[in-house]
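The values are calculated or read from the model by the stated rules, or taken from the named source; none is laboratory data. Computed from a predicted structure; not experimentally measured. With ideal geometry, Cβ positions are generated from the backbone for all residues, glycine too; neighbour counts draw on all protein chains shown.
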Amino acid sequence: MLVWATLAAAAPVTRLDVAVENLRSSKGLIRICLTADPDNFPACVDDGKALTRSIPAATRSLSFGGLPQRGYALAIIHDENSNSRLDTFAGIPREGFGFSRNPVVRFGPPRFAAARFVLGGDAELQQVKMRYIF
């Protein structure tokens, strides 16, 4: 166990910059979830290692520093009414949503593999385009 902790502490770290594009308004918050766990994507509800952030929608960018170099996926919602959840009607999102790598979205969110990117080197930029159905 001590060997694993030493190796984890010595693992290279990097920074992730996130730019959110195509917001339809500056109302409310942008809620961002960064996870490396496919089983907890896109909600990050049961992922104790997920990083979540809420920023004013007018900000449109943020950075995560000190991340281990590995595979991650981002899920983002535009919580326009600031009620801490993605509002839906008959299961269809009424607020904006987006994912890293901007995969095609058909029925339901994309799989982790479609949104997965690998952090390596000094810094990475993910430009996420928000989508709105209503």
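Looking across region 31-45, just one residue is over 29 Å from F134 (Cα atoms) and either loosely packed, with under 12 Cβ neighbours inside 10 Å or of a type in the set (G, A, S) (or both), and that is A36. Restricting region 91-109 to residues that are in contact (Cβ under 8 Å) with a residue 24 or more places away in the chain and in a loop (DSSP other than H, G, I, E, B) leaves a set whose member that is nearest to L29 (Cα to Cα) is E95. Does G28 qualify as being surrounded by 13 or more Cβ atoms within 10 Å (Cβ to Cβ), at pLDDT 95 or above and on the phi > 0 side of the Ramachandran plot? In short, yes. Of the residues making up region 13-33, just one is free of Cβ contacts under 8 Å to residues at least 60 places away in the same chain and more than 19 Å from E95 (Cα to Cα), namely V13. Each residue in region 69-79 was checked for being within 22 Å of T59 (Cβ to Cβ) and either touching a residue at least 60 places away in the same chain (Cβ under 8 Å) or of a type in the set (G, A, S) (or both), and 2 pass. The set of residues from region 1-25 being at pLDDT below 95, small (G, A, S) and in a loop (DSSP other than H, G, I, E, B) comprises just one member, A11. Considering (1) part of a loop (DSSP other than H, G, I, E, B); (2) touching a residue at least 60 places away in the same chain (Cβ under 8 Å); (3) of a type outside the set (F, W, Y); (4) in contact with a strand residue (DSSP E or B) (Cβ under 6 Å, 6 or more places away or on another chain), the lone condition that S82 does not fulfil carries the number (2).
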